């Protein structure tokens with residue numbers, strides 16, 4: 001097996017050469033490197049998947065506010081609305097958006113979540129993966145396969161770009177989470193390897209330049225609402241890719257652009273709360289109130 | 001290029017809200033606990049820069065204390081740690097400071113007890129942490145590897161004597177000293193595990209003042 005896969009092109013070539021799915025290639029390599037069996041590796045992935053489902057469940061039943069008091073009851077509001085009027089795009093849309101809010105709100109009230117890839121972007125992969133799986137009764141093994149593929153996408157990106165807002169802005173946190181979700185969803189829907197990689201590239205491409213400018217330096221504003229937005233963003237990318245629409249810029253070059261954009265982004269917009277939303281008039285007032 | 005693993009991307013399972021400010025804080029506390037290796041009587045947590053400014057909203061203070069008490073990053077008791085009985089084990093207080101020579105997310109654990117020790121570390125992003133200093137010695141370990149830590153008299157052959165006794169691969173080695181012939185420190189990160197016999201043997205070497213074996217963090 002070609003053990004080192006550092007780019008999406010290498011991944012594609014490897015999948016084609018051995019006629020295997022992304023998750024198959026990935027789990028064989030991961031098990032080999034960690035000196036564990038494939039089943040042991042899948043058990044670790046299942047543990048993360050189970051923790052994601054637990055976070056969704058816990059968040060759906062809470063409206064406890066964060067320590068700052070700024071966020072925590074949006075999932076409740078959204079569920080109340082869906083009780084009265086269904087979402088325009090149907091029940092899958094309802095599940096994905098409510099699961100995203102429930103997870104990210106669990107995070108801000110110090111509940112247990114899975115950093116995937118980070119805590120501030122922890123709701124995107126679970127909401128897409130579990131939301132879709134609940135909607136269509138997808139079996140657990142397929143969900144694990146999809147989470148492995150999401151992880152493989154994140155891993156390849158992380159070889160070039162540190163997945164941290166302080167290094168490359170939110171494009172490297174929520175942006176990457178959305179790209180991971182697009183790949184996972186496309187696989188769950190039976191997409192071919194190139195469609196999975198195109199979905200990843202399409203999602204990522206449309207989030208380049210996304211800054212990290214949290215109000216009061218907390219993982220709350222705009223992080224909470226960004227999670228459901230970028231979950232749906234992943235669905236859009238998947239729909240396009242499954243239609244055979246490709247990213248004219250190949251996946252690896254999109255990641256090159258992500259890296260370059262991260263480097264060029266002003267440090268004031270990289271988790272330092274010195275510009276953008278964090279320095280708006282209202283944000284400054286919120287900060288004053290919080291420091292009291 | 002150093003390769004990461006899929007598990008790094010889809011974990012840790014942790015209590016929120018921030019990998020650097022919450023999970024990282026717990027991990028720093030866990031490492032400090034293993035370095036100190038005794039029951040403290042009094043602890044002062046000095047939080048710097050971003051840790052000081054946004055620490056409260058992120059539960060950084062709770063995370064540092066919870067880690068020092070041995071709670072893992074996914075323990076839901078972290079949220080209420082200040083009210084728990086286990087938090088009455090020792091006296092503690094928090095200080096919030098600014099020092100731009102320090103990392104944005106830096107902390108000092110000033111521990112008083114059977115011995116007084118100051119342990120300093122940084123949370124460097126995505127939940128990864130580094131212990132940088134113990135008292136006046138610079139050290140470097142992350143909790144990703146089993147780590148052997150020694151403080152000894154700066155004499156010839158000490159590094160050889162230590163490494164010759166360890167029969168596992170060394171991932172990194174970091175040494176420092178106060179002055180020639182004075183106190184020195186050695187930080188050996190290992191790919192594998194060593195048993196207590198080896199540690200006891202190393203502890204018996206003349207001129208070794210302190211030895212700690214810090215197991216890698218689980219999560």
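Values in this text are rule-based calculations from the coordinates and carry no lab data. Keep in mind the model is a prediction, meaning the values are calculated, not measured. No Cβ is skipped: glycine too gets one built from the backbone with ideal geometry, and neighbour counts run over all protein chains shown.
Observations on the model:
- Angle between chain A longest axis and helix A:22-34 axis [Cα atoms, degrees, rounded to 10]: 90 degrees
- Computed from the alpha carbon positions, the gyration tensor of region B:43-92 leads to an equivalent ellipsoid with semi-axes of 18, 13, 9 Å, biggest first.
- Residue order, fewest to most beta carbons within 10 Å, for A:173, A:253: A:253, A:173
- The eigenvalues of the Cα gyration tensor, multiplied by 5 and square-rooted, give chain A an equivalent ellipsoid with semi-axes of 30, 23, 17 Å from largest to smallest.
- Residues A:52, A:180, A:110, B:117, sorted so that the one with the fewest Cβ neighbours within 10 Å comes first: B:117, A:110, A:52, A:180
- Area projected by the alpha carbon convex hull of the protein assembly as shown, averaged over all directions, nm²: 24.9 nm²
- Value of D in µm² per second that Stokes-Einstein yields for region B:12-134, Kirkwood Rh from Cα pairs, at 10 °C (1.306 mPa s): 115 µm²/s
- q = 0.18 Å⁻¹: log10 I(q)/I(0) that the Debye formula gives for chain B, counting C-alpha atoms only: -1.32
- Region A:102-234 - convex hull of alpha carbons, volume per residue in Å³: 95 Å³
- Cα centroid separation, region A:155-204 to region B:10-49 (Å): 30 Å
- Exposure proxy order (Cβ contacts within 10 Å, fewest to most) of B:111, B:214, B:6: B:214, B:111, B:6
- Acute angle (nearest 10 degrees) that the helix A:281-291 long axis makes with the longest principal axis of chain A, alpha-carbon atoms: 80 degrees
- Seen against the Cα atoms of chain A and their longest principal axis, helix A:140-158 is set at about 80 degrees.
- Convex hull of alpha carbon positions in region B:136-219: directionally averaged projected area 5.2 nm².
- Compactness of region A:57-143 - radius of gyration and Dmax, Cα, Å: 13.1, 39
- Using C-alpha pairs under 8 Å with a sequence gap of at least 6, the mean separation divided by the residue count of chain B gives a relative contact order of 21 percent.
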